[in-house]
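What follows is a single structure, written as structure tokens, with notes after it.
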Amino acid sequence: MPPVRVVVVDNDAGALELLELDLRLEGHDVVATAMDGPDGIEACRRTRPDVLVVDYRMPPGVDGVEVARAVLRDGSAGSVVVYSNYDDPKVVARAEALGAVWLSKGDLAKLRQAVIDHGRSPGGA
């Protein structure tokens, strides 16, 4: 199977580097990275990834749910995984209502599986 095309967005440079490295080592094609929401949206519009992996909290700009809304609405990403330490059930519900997957940071095995599951089927899941 061809590699899953991924865009990764996180305002924490260390987390961004770790995610990019891990996904590349898993054989995925990380086509772009960004450190804020607007740049992440633009990266998706430019590269049309299978999956966007995005952090939720990226102050001071738009959050990961708004990034998910933008790229899912215009079809510039096939699916979205919000990968965050933030754990507010209302925010999680908002993301899931858009069709995004919410995962807690720290479990790279679950992230790897989500990228495979949502990157290899049309429109995500």
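The values are calculated or read from the model by the stated rules, or taken from the named source; none is laboratory data. Bear in mind that the values here come from a model prediction, so they are computed numbers and not experimental data. In this analysis, Cβ positions are derived from the backbone assuming ideal geometry, glycine residues included, and neighbour counts consider all displayed protein chains.
List the strands (runs of 3 or more DSSP E) inside segment 1-113, counting only whole elements, that have at least 3 residues being surrounded by fewer than 22 Cβ atoms within 10 Å (Cβ to Cβ) and not small (Gly, Ala, Ser). Please lay out each step first, then the result.
Numbers: elements: 5-9, 29-34, 51-54, 79-84, 101-104.
Output list reads 29-34.
Mind listing just one residue for me: the one in segment 43-69 that is charged (D, E, K, R) and farther than 15 Å from Gly99 by Cβ and, of those, nearest to the chain's Cα centre (by Cα)? It would help to see each step written out before you state the result.
Kept after step one, since they are charged (D, E, K, R), are these residues of segment 43-69: 45-46, 48, 50, 55, 57, 63, 66, 69.
Restricting the remaining residues to those that are farther than 15 Å from Gly99 by Cβ gives 45-46, 48, 55, 57, 63.
Values: Arg45: 14, Arg46: 15, Arg48: 12, Asp55: 7, Arg57: 13, Asp63: 12 Å.
The extreme case among them is Asp55.
Go through segment 1-20 and give me each residue that's among the charged types (D, E, K, R) and in contact with a Leu (Cβ under 8 Å, 6 or more places away or on another chain).
If the condition is that a residue be among the charged types (D, E, K, R) and in contact with a Leu (Cβ under 8 Å, 6 or more places away or on another chain), then Asp10 is the only one that fits.
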Over segment 19-58, the set of residues without any contact (Cβ under 8 Å) to a residue 40 or more places away in the chain and of a type in the set (A, V, I, L, M) is Leu21, Leu25, Val30, Val31, Ala32, Ala34, Met35, Ile41, Ala43
Total residues in segment 34-50, condition hydroxyl-bearing (Ser, Thr, Tyr) and more than 19 Å from His118 (Cβ to Cβ) | 0
Checking Ser84 against (1) of a type in the set (Ser, Thr, Tyr); (2) farther than 19 Å from Val4 by Cβ; (3) in contact with a His (Cβ under 8 Å, 6 or more places away or on another chain), which test does it fail?
-> (3)
Of the residues that make up segment 22-33, is at least one over 18 Å from Gly119 (Cα atoms) and among the charged types (D, E, K, R)?
-> no
Name the one entry in Val71, Val82, Val65, Val51 that is touching an Asp or Glu at 6+ places or on another chain (Cβ under 8 Å), modelled with pLDDT of 95 or more and not hydroxyl-bearing (Ser, Thr, Tyr).
-> Val82
